[in-house]
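**Q** Pasting a structure below so you can have a look.
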Amino acid sequence: MLALLCGGQGTLSDRIFDLAAGHAAAEPVFAAAAACLGEDPREIVRARSAEALSANRVSQILTVTSALAIHACIADLLIEQTAVTGYSVGEMAAWSIAGIWNADEALRLTDVRAQLMDSAAGQDGRLGYVRGLDQAALQPLLEKHRCEIAISNPDLLFVVGGAEQDVIELCREAAMQGAARTGLLAVKIASHTSRLDQACAPLQQALAASRPAPIANQRILLAGGDGTRIFSVSDATTTLACQVARPIDWAATLEALAELGVDRVLDLGPGHALAEMMQGFLPSIRCYAAEAFRSIDGLRNWIASK
C-alpha cells in the first residue's frame, strides 16, 4: 500500500512549486491559493524573502498548496487503496486528499486556521528543536523555561514551543546537557502548545460549518496527531481543530502506517523531512520525496510502477 505524507511548516524554498508549475492538473490549486493570498503563489515564492515566507499565514497556505499541487498531478493514478496523513498543517492537505474538501475549501480553511492561531498566540512565540535527549531529561528543561513539547518525532527529535527567548534558552541549556543538536525553526508561533487554546473552539466551528464530505472509498485517513484512523469526519473535526494547541506524536503516526502494511511512502512536501523520518524509522519501506523527482512524468512512473 502507498502512503502519502503531507508536510508541515518549515523553511520554504523558492523552488517548491517547480515540479507542478505549468501542469494543467495543478492550476486549480494555484488559483485557489491565489484567491487566498491575492497573488499567484508561484510568484510569491520567487519574489519574497525567506523572512517574509516564514510569516505564519503565508507559510501555512503555501505549505498546503505545495502538497495539493503535487497530489493533483498524480490523483488520477491513485485508484487503489491509499493511506494519507499530515504533519501539523499538513493535515489540512491530507483531509483534502482524502476527499473531504476540494482545494478551494481546504485552502480557505487553512487561511482561517492560520489567522485564528495568530490571534490566539500573540507576538513572541517560536518553535525550536532538541535532538538526542529523551523526554525524561528534557522535562525539567521544559518546566524551567516554561516551554512545551509540540511534536514528538522518532530518533529522540522533539519540537518544543514557547516564548522565543524561552525556547532559545532551553535549546542552549539542552546543548550543554548533551543534546546532539538544537536550534530554532522557521515557525514563529508556538504551534501545538497550550498558548493556542483560544483558537480551538472557533476553528472547530469553522471546520464543522464547511460541510465536509465523507472520506473517499479508496482513502485511509490517519490523524497526524497520533495515527488514529479516522472513520467519521464529523467526529474528527474537534480533534483536528484542537490539534493546533495539543502536542503531536508523529512517531505514533509512523507506527500506525507500518501497522497498516504500507510498503511505499511518498512525501508530498514541501521538502523531504517526512520521507527521511519514515526511512529512518522503518528502512524496509521505500520512501521518496516528491521533490527528488526531476519531472512529474518521473513521479507518475514511480506511482504506476507498484
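**Q** Restricting attention to segment 86-98, and to residues there that are under 14 Å from A236 (Cβ atoms) and of a type in the set (A, V, I, L, M, F, W, C), which single residue is surrounded by the fewest Cβ atoms within 10 Å (Cβ to Cβ)?
**A** Selected residue: A98.
**Q** Considering only residues that are small (G, A, S) and either closer than 14 Å to M117 by Cβ or crowded, with 19+ Cβ neighbours inside 10 Å (or both), which ones fall in segment 198-211?
**A** Listed by number, the residues that qualify are A199, A201, A206.
**Q** Inside segment 175-208, can you point out the residues that are part of a helix (DSSP H, G or I) and modelled with pLDDT under 95?
**A** Within segment 175-208, just A208 meets the criteria.
**Q** Can I ask one more? If only one of G10, G38 is touching a Gly at 6+ places or on another chain (Cβ under 8 Å) and either surrounded by fewer than 24 Cβ atoms within 10 Å (Cβ to Cβ) or closer than 30 Å to L260 by Cα (or both), which one is it?
**A** Only one candidate qualifies: G10.
**Q** Which one is nearest to the chain's Cα centre (by Cα), of the residues in segment 99-132 that are surrounded by fewer than 20 Cβ atoms within 10 Å (Cβ to Cβ) and farther than 30 Å from A69 by Cβ?
**A** Only one residue tops the list, namely R131.
**Q** Only one residue in Q139, Q165 is surrounded by fewer than 16 Cβ atoms within 10 Å (Cβ to Cβ), more than 21 Å from G225 (Cβ to Cβ) and of a type in the set (S, T, N, Q). Which one?
**A** From the options Q139, Q165, the qualifying one is Q165.
**Q** Okay, moving on. Looking at A223, A121, can you tell me which residue is modelled with pLDDT under 95 and either in contact with a helix residue (DSSP H, G or I) (Cβ under 8 Å, 6 or more places away or on another chain) or closer than 20 Å to A251 by Cβ (or both)?
**A** A121
**Q** Quick check on this structure: which one of S54, S49 is surrounded by fewer than 24 Cβ atoms within 10 Å (Cβ to Cβ), hydroxyl-bearing (S, T, Y) and either without any contact (Cβ under 8 Å) to a residue 24 or more places away in the chain or assigned by TED's automatic domain parsing to the domain that holds Y129 (or both)? First the steps, then the outcome.
**A** Numbers: S54 fails: either without any contact (Cβ under 8 Å) to a residue 24 or more places away in the chain or assigned by TED's automatic domain parsing to the domain that holds Y129 (or both).
S49 is the lone residue from the list that is surrounded by fewer than 24 Cβ atoms within 10 Å (Cβ to Cβ), hydroxyl-bearing (S, T, Y) and either without any contact (Cβ under 8 Å) to a residue 24 or more places away in the chain or assigned by TED's automatic domain parsing to the domain that holds Y129 (or both).
The values are calculated or read from the model by the stated rules, or taken from the named source; none is laboratory data. Note that the coordinates shown come from a computational prediction; the quantities given were computed from them, not determined experimentally. Methodologically, a virtual Cβ is constructed for each residue, glycine included, from the backbone with ideal geometry; neighbour enumeration extends over all protein chains shown.
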